[in-house]
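**Student:** Pasting a structure here, questions to come.
Please treat every number below as a calculation from the coordinates, not as lab data. Just so it is clear, the structure is predicted and the values come from calculations on it, not from any experiment. Heads up, the Cβs are rebuilt from the backbone with ideal geometry, glycines too, and the neighbour counts pull from every protein chain shown.
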């Protein structure tokens, strides 16, 4: 009974530790901004962050979180205060069941959830039909309807666009397009085909950086065939009370960013490798005449920040796992009936995919460090529990019996005889956990916990192998380092009698 | 000293020990003997309280053994098993003194007692800081005996203490053990399957078979007035090969 109570208290304490920063973060006024995992969203997020700081209020930017549902839930629960979203996504994905038609209905639905939406920022990031500007000029093409006059053009679309009912099949019907030579191919290859002239027309996202890079022209959707994906800023209604000046700042963006501007900014980041922060600041200076103070971290600053974040994630989750899993392993080994249940539950936890576990945690612990630490903690349990269990169970019965026969009570037996003999197995479990933990911690960037996963995610987004390696190499090095550290601890902890002639010990026992 | 009354033990459906009575007078060496699986080790483990009887009672110097008092009573019993059961991570000194240290006995008393026992079992001083892995089989059994004697118990329980040793060392240790028992004047219960060893040590031999006592008495009684044919068979089975060897040498 005592052991169970002890574990209960430990669990409570651990949860209290996790929840504490979430609760206390409410105290000073500060605004947290989120962004999705693609460049445009990150640039807009940086803008919101700059605008907030412009009013003298603290701002934090949770960059490239793992998808629309993570951001939407984080906004609803107050983990973030604002993020850039698209009307099309709200209408056709997030609230599709409500079948909203107009912007007014959309605003009402948002208000009911305690949210606000700015007027459209000025660009519509939807599908578009594009071609080389030079070619369009030569044929005098401005709208999609203009394509009707040139049946000889070769069309190539991304595979997804080819297959979707609202893609090519719908477009062809809507505009009565006559072209016969239409092929489906990989989206990136389509750009190359356009460049080499074997393709003339392809599908794009309106604000793709490639539009400028390949000198393409997006033909106007004169029949309004494509659904509208107007960019807006979503924010919590309480921002208007907590920081009215910030809400006013957000509203100033409305109508200020047109598609070519957004497209150019995307290109600055994606193609020229400029920092999102600098691009956002440049825009604010030019469009709103705001002088934004911003700091672009040097590569080393970023490295140290990610190292710090990674170490905190690993340090807290692994220590908690050791403190929790070793007693759990002891309990499993000592209680015949409880043993299989404990091992089973811990094994099941291990099979939950990490992204799924993160999403489960958001309603409980929000985004950022706490849910990531909780998930890492849970993933670290199995190797330690299992090895502690096995280490204790593998002690020869003759040794246990001798300890009993001496009259040592159960606890003293554990402390003086059983745990020292299981040291090697327990430490092996901890080492396995540590390596898994360091690797899995890289995924924490998906819910805004930072760490070495951050450069890896950015690197994937920008297709920048160098950036990916900036996260991957330190993560690998840290895994080796942690392993080495426990190797040293083992040297200090492993009883001397167990280090000599293992074979002789076996025959003696 | 020790009174065993109607004690029985089942392992699953099989009776490891049928209801059994046995009295062990103080200062005597009693040897439990019989073929493998006869229940002799089970009886010894019941006395040490390592397993609980399904029926009956065991009374040690007037106190009935129970799960509540067994830890106390074990301090007054020394226990030695076949391969020593030494803790591989502790030195000889720590193996011997682990319980005394746990009980916070006086350090000088512990040192004093350790030296005394080392002399008794004839282990040199420099062995005290070695680990079990660095000792020979015979030395390990000496350490195991020291550990059992550390708290000066009233009763010494030995479960085939010499069973894993090669014959020469075994012979040497038998002589020494007998001297030590005589010197200490303690009550000893020893388990063995070797009739010569039993006869050599035991004032009383208790021959067991299939979970019950077949006959108890001195070797002479067992040999001269066997209670059942099995007693005779058991004794001859071990004596005959030797007798044939002696015959061949003539």
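**Student:** Could you give the distance between the Cα centres of the stretch A:52-77 and the stretch B:130-192, to the whole Å?
**Tutor:** Cα centroid of the stretch A:52-77 versus Cα centroid of the stretch B:130-192: 74 Å apart.
**Student:** Based on alpha-carbon centroids, what's the gap between the stretch A:411-467 and the stretch B:1-67 in Å, whole number please?
**Tutor:** About 52 Å separates the Cα centre of the stretch A:411-467 from the one of the stretch B:1-67.
**Student:** When the label point is put 7 Å from the Cα of residue A:349 along its Cα-to-beta-carbon vector, which residues of the stretch A:386-403 have a backbone N closer than 17 Å?
**Tutor:** Flagged as within label range: A:386-390.
**Student:** So what is log10(I(q)/I(0)) for the stretch A:127-219 at q = 0.10, 0.16, 0.20 1/Å, when the Debye sum runs over its Cα atoms only?
**Tutor:** Those come out to -0.21, -0.56, -0.93, one per q.
**Student:** Can I ask one more? Please state, to two decimals, what the Cα-based radius of gyration of the stretch A:81-148 comes to when divided by 2.2 N^0.38 Å (N = residues).
**Tutor:** 1.58
**Student:** In angstroms, what radius of gyration and Dmax does the protein assembly as shown have, counting Cα atoms only?
**Tutor:** Cα radius of gyration and Dmax of the protein assembly as shown are 40.7, 129 Å respectively.
**Student:** By how many degrees, between 0 and 90 and to the nearest 10, does the Cα long axis of helix A:276-288 differ from the longest principal axis of chain A?
**Tutor:** Relative to chain A, helix A:276-288 is tipped by roughly 40 degrees.
**Student:** Still on this model: Between residue B:71 and residue A:337, what's the calculated FRET efficiency when r is the beta-carbon distance and R0 is 22 Å? Round to 0.05.
**Tutor:** Computed FRET efficiency for residue B:71 and residue A:337 comes out at 0.35.
**Student:** For the stretch A:359-402 and the stretch A:225-249, what is the separation of their Cα centres, given in Å?
**Tutor:** The stretch A:359-402 and the stretch A:225-249 have Cα centres separated by 43 Å.
**Student:** Once the piece of chain linking residue A:160 and residue A:477 is laid out straight, how much longer is it, given 0.36 nm per residue of separation minus the C-alpha distance between them?
**Tutor:** Additional length available on full extension: 110.2 nm.
**Student:** Here's another thing I want to ask about it. Helix A:2-24 versus the longest principal axis of chain A: what angle, 0 to 90°, nearest 10, using Cα atoms?
**Tutor:** Approximately 30 degrees, to the nearest 10.
**Student:** Output the relative contact order of the stretch A:299-508, whole-number percent, from Cα pairs under 8 angstrom with separation of 6+ residues.
**Tutor:** After rounding, I find 25 percent.
**Student:** Continuing with this model, one more query. If I take the Cα coordinates of the stretch B:82-152 and project them onto the principal axes, what are the three extents in Å, biggest first?
**Tutor:** 30, 22, 20
**Student:** Where does each of A:61, B:193, A:142 land when they are ranked from fewest to most other beta-carbon atoms within 10 angstrom?
**Tutor:** A:142, B:193, A:61
**Student:** So for the stretch A:299-508, what are the equivalent ellipsoid semi-axes in whole Å, largest first, each being the square root of 5 times an eigenvalue of the Cα gyration tensor?
**Tutor:** Semi-axes from the Cα gyration tensor: 38, 20, 12 Å.
**Student:** Here's a follow-up. Two decimals is fine: what's Rg over Rh for the stretch A:249-304, C-alpha atoms, Kirkwood radius as Rh?
**Tutor:** 1.03
**Student:** Which log10 I(q)/I(0) values does the stretch A:329-422 give at q = 0.13, 0.19, 0.23 Å⁻¹ under the Debye formula, counting every alpha carbon as one identical point scatterer?
**Tutor:** -0.57, -0.87, -1.08
**Student:** Would you calculate, for the protein assembly as shown, the mean residue ellipticity at 222 nm contributed by helices, counting each DSSP H stretch of 4 or more residues as -39,500 (n - 2.57) and dividing by all residues, to the nearest 500?
**Tutor:** Theoretical 222 nm ellipticity from helices: -16500 deg cm²/dmol.
**Student:** May I pose another question? So what's the angle, to the nearest 10 degrees on a 0 to 90 scale, between helix A:369-393 and the longest Cα principal axis of chain A?
**Tutor:** 30
**Student:** According to the square roots a ≥ b ≥ c of the eigenvalues of the Cα gyration tensor, what is the shape class of the stretch B:43-196, taking rounded for a/c under 1.5, prolate for a/b larger than b/c otherwise, and oblate for the remainder?
**Tutor:** Oblate, since a/c reaches 1.5 and b/c is not below a/b.
**Student:** How big is the antiparallel share of DSSP beta bridges in chain A, given as a percent to the nearest 5?
**Tutor:** Here the share of antiparallel DSSP bridges comes out near 60 percent.
**Student:** Another question, then. Taking R0 as 45 Å, what FRET efficiency do you get between residue A:58 and residue A:198 from their Cβ-Cβ distance, rounded to the nearest 0.05?
**Tutor:** Taking R0 as 45 Å, the efficiency between residue A:58 and residue A:198 is 0.25.
**Student:** I need the calculated FRET efficiency for the pair residue B:55 and residue A:491, taking r as the beta carbon distance and R₀ as 60 Å, to the nearest 0.05.
**Tutor:** Efficiency, from the Cβ-Cβ distance: 0.70.
**Student:** What is the distance, in nm, between label points placed 7 Å from the Cα along the Cα-to-Cβ direction at residue A:469 and at residue A:77?
**Tutor:** Reported label-point gap for residue A:469 and residue A:77 is 3.8 nm.
**Student:** Further question on the same structure: Would you mind ranking A:326, A:269, A:33 so that the residue whose beta carbon has the fewest other beta carbons within 10 Å leads the list?
**Tutor:** Ordered from fewest to most neighbouring Cβ atoms within 10 Å, A:326, A:269, A:33 come out as A:326, A:269, A:33.
**Student:** A follow-up question, please. Starting from 0 in steps of 5 Å, tell me what percent of the Cα-Cα pairs of the stretch A:80-120 lands in each bin.
**Tutor:** 5, 22, 38, 27, 7, 1
**Student:** Got the relative contact order for chain A handy, in percent, Cα pairs under 8 Å and 6 or more residues apart?
**Tutor:** It comes to 16 percent, rounded to a whole number.
**Student:** I've got another one for you. Rg/Rh for the stretch A:225-357 to two decimals, with Rh computed the Kirkwood way over all alpha-carbon pairs.
**Tutor:** Taking Rh as the inverse mean 1/r over Cα pairs, Rg/Rh reads 1.20.
**Student:** Just need the relative contact order of the stretch B:82-152 here, percent rounded to a whole number, with Cα pairs under 8 Å and 6+ apart.
**Tutor:** Over the stretch B:82-152, the number comes to 53 percent.
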